[in-house]
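**Q** What follows is a structure written as structure tokens; I'll ask about it next.
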Amino acid sequence: MKLVRKDLEKDNAGQVTLIPEEPEDMWHTYNLLQVGDSLRASTIRKVQTESATGSVGSNRIRTTLTLCVETIDFDSQACQLRVKGTNIQENEYVKMGAYHTIELEPNRQFTLAKKQWDSVVLERIEQACDPAWSADVAAVVMQEGLAYVCLVTPSMTLTRAKVEVNIPRKRKGNCSQHDRALERFYEQVVQAIQRHINFDVVKCVLVASPGFVREQFCDYMFQQAVKTDNKLLLENRSKFLQVHSSSGHKYALKEALCDPAVASRLSDTKAAGEVKALDDFYKMLQHEPDRAFYGLKHVEKANEAMAIDTLLISDELFRHQDVATRARYVKLVDSVRENMGTVRIFSSLHVSGEQLGQLTGVAAILRFPVAELSDQEDESSSEED
């Protein structure tokens, strides 16, 4: 993402002009937009024209519109963003108050104005415009006959390819069909890796599987690379890291990212940090439940006691349509930071973010046990009964 201009007033009202440069920037843009914002961008409008003879025709004309945002639609697979709203600025082709849908796309500038830019939104702009925050981890999660090739970016896990091949079972005295199908499967996975992984950017490629599938696959891949003199794979051999996972399905990627060997390799990436924080939370919940809280009310009470060491919160909560509810989450984040706590904002498109979503989207690891909070809740609820 490229920041062209930032004009903010003292009360944090104002506008920001940005240029999304890659697909992931569309996800950041989706998280910046809110209903009621004003969006100015170039768009194409179908306009009816009448000639001197009275015949009516229609032309597609490129024009710049300013909309008051009403609905936001994001397609995570295609990384496309459609914003519908009413025109709020004079335009020769579009009446005031007329509806229009702007399709935001990479490399096209837009200006976003808000009545209030809060700390979470401003932080997201900083991160999106920092070139260090890019997809530096790739993963192949596989089992016999099924493989997912994914890119793990700081904000989401993108499935780039799914390879499925029917592998016949081994028969006594005849394994040729099984072996041929397995070889065909491995070959398709190698092709997917070469097509979808940019080794100039990626620091590490995780190969995760149950059993010996990953070892057999890596042996096959590098034997073929030697035979065919595939310099791309041979030069990047050191980037491949084999780890265990319970299955070849996409959700098993979380286990792979939790592996200590992987964590040390990826210690500087946000994805690994999120996974570790969630893992620490679950361990704390198991061993010291008085130091692991989840649910907004419980976490807010822990924050009042200045007990929060690490706050885990899903970015999905900041897309809440109700301004007061959104402000409540932003206030919590700001307050934890003021109290010298760490805040980790999880992406709802990450595997770890999905898991946090199942825990209400907000959780906290505490500095010290706060046992009485849960007791107070129980007492108050029983009094209400």
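The values are calculated or read from the model by the stated rules, or taken from the named source; none is laboratory data. Predicted model, so just to flag it, every value in this text is computed and none were measured. In this analysis, Cβ positions are derived from the backbone assuming ideal geometry, glycine residues included, and neighbour counts consider all displayed protein chains. To get the accessible areas, we keep the full protein, side chains included, count just its heavy atoms, and leave off ligands, DNA and RNA. Shrake-Rupley method; radii C 1.70, N 1.55, O 1.52, S 1.80 Å.
**Q** I need the shape label for segment 302-361. Rule: rounded when a/c is under 1.5, else prolate if a/b > b/c, else oblate, with a, b, c from the alpha carbon gyration tensor. Intermediate results must be reported in sequence, preceding the final value.
**A** On the way: a/c = 2.22, a/b = 1.29, b/c = 1.73.
Note, shape of segment 302-361 comes out oblate.
**Q** Considering only DSSP beta bridges with both partners in segment 136-268, what is the antiparallel share in %, to the nearest 5?
**A** Numbers: 15 of 25 bridges.
Looking only at bridges with both residues in segment 136-268, the antiparallel portion is about 60 percent.
**Q** With every protein chain kept in place and ligands, DNA and RNA left out, what is the accessible area per residue of the chain? Probe 1.4 Å, answer in Å². Present the calculation step by step, with values, prior to reporting the outcome.
**A** On the way: 19940 Å² over 385 residues.
For the chain, the solvent-accessible area averages 52 Å² per residue.
**Q** If you don't mind, another one. Would you kindly calculate the mean projected area, averaged across all directions, of the convex hull enclosing the Cα atoms of the chain, in square nanometres?
**A** Details: hull surface 115.5 nm².
It is 28.9 nm².
**Q** At a threshold of 8 angstrom on Cα-Cα distance, excluding pairs fewer than six apart, so keeping six or more, what relative contact order does segment 271-376 reach in percent?
**A** Taking the mean separation of contacting Cα pairs over the length of segment 271-376, I get 42 percent.
**Q** Given axes a ≥ b ≥ c from the Cα gyration tensor, I'd like to know whether segment 271-376 is rounded (a/c under 1.5), prolate (a/b larger than b/c) or oblate. Could the numbers behind the result be given before it?
**A** Details: a/c = 1.61, a/b = 1.14, b/c = 1.42.
Oblate.
**Q** Under the √(5λ) rule applied to the eigenvalues of the Cα gyration tensor, what semi-axes describe the equivalent ellipsoid of segment 136-268? Give them in Å, descending.
**A** Values: eigenvalues 121, 60, 33 Å².
Semi-axes (√(5λ), whole Å): 25, 17, 13.
**Q** Show me 48-57, 275-284 ranked by packing, highest mean number of other Cβ atoms within 10 Å first.
**A** Ranked by mean Cβ neighbours within 10 Å, highest first: 275-284, 48-57.
**Q** Here's something else I'd like to know. For Lys227, list the aspartates and glutamates whose Cα falls under 20 Å from its own Cα; do not include residues on the same chain fewer than 8 positions away.
**A** Straight-line reach from Lys227, under 20 Å: Asp179, Glu183, Glu187, Glu215, Asp219, Glu235.
**Q** Label segment 56-179 by shape, choosing from rounded, prolate and oblate, from the square roots a ≥ b ≥ c of the eigenvalues of the Cα gyration tensor; if a/c is under 1.5 it is rounded, and otherwise prolate applies when a/b is larger than b/c, oblate when it is not.
**A** Working: a/c = 4.24, a/b = 2.13, b/c = 2.00.
Prolate shape, in that a/c is at least 1.5 and a/b is the bigger ratio.
**Q** Ordered by packing density, taken as the mean number of other Cβ atoms within 10 Å over each peptide's residues, highest first, how do 297-310, 80-93 rank? Don't skip to the answer; put the middle values down first.
**A** On the way: 297-310: 18.6, 80-93: 15.9.
In descending order of packing, they fall as 297-310, 80-93.
**Q** Of all accessible surface on segment 1-152 at a 1.4 Å probe, what whole percent is carbon and sulfur? Can you show the working numbers first?
**A** Values: 3350 of 7700 Å².
Exposed carbon and sulfur together represent 44 percent of the surface.
**Q** Next question, about the same structure. Dipole of segment 69-160, Cα-centred, from +1 at each Lys and Arg C-beta and -1 at each Asp and Glu C-beta, to the nearest 20 debye? The partial results should precede the final answer.
**A** Values: 8 positive and 13 negative charges, 40 e Å.
Rounded to the nearest 20 debye, it is 200 debye.
**Q** Suppose a student asked you for the relative contact order of segment 1-106, using Cα pairs under 8 Å spaced at least 6 residues apart; what percent would you report? It would help to have the intermediate numbers written out before the result.
**A** Numbers: 200 pairs, mean separation 23.9, N = 106.
Over segment 1-106, the number comes to 23 percent.
**Q** Sorting check: for 218-226, 248-256, 141-149, which peptide has the highest mean count of neighbouring beta carbons within 10 Å, and how do the rest follow?
**A** Working: 218-226: 15.3, 248-256: 19.0, 141-149: 21.8.
Descending packing order for the listed peptides: 141-149, 248-256, 218-226.
**Q** From Cα pairs below 8 angstrom and at least 6 apart in sequence, can you work out the relative contact order of the chain, rounded to a whole percent? It would help to have the intermediate numbers written out before the result.
**A** Numbers: 695 pairs, mean separation 47.3, N = 385.
Relative contact order of the chain: 12 percent.
**Q** Let me ask something else about it. Taking the Cα centre of segment 136-268 as origin, work out the dipole magnitude from +1 charges on Lys and Arg Cβ and -1 charges on Asp and Glu Cβ, in debye rounded to 20. Write out the running numbers ahead of the final one.
**A** Details: 18 positive and 14 negative charges, 83 e Å.
Here segment 136-268 has a charge dipole of around 400 debye.
**Q** Sticking with this one: State the Cα centre-to-centre distance between segment 192-208 and segment 91-143 in whole Å.
**A** Taking the Cα centre of segment 91-143 as reference, the centre of segment 192-208 is 26 Å away.
**Q** Are any of the pairs Lys2/Lys114; Lys84/Lys250; Lys6/Lys46; Lys162/Lys203; Lys276/Lys297 more than 26 Å apart by Cα-Cα distance, and if so, which? Walk me through the intermediate numbers first.
**A** Details: Lys2/Lys114 19 Å; Lys84/Lys250 33 Å; Lys6/Lys46 32 Å; Lys162/Lys203 22 Å; Lys276/Lys297 24 Å.
Table pairs above 26 Å Cα-Cα are Lys84/Lys250; Lys6/Lys46.
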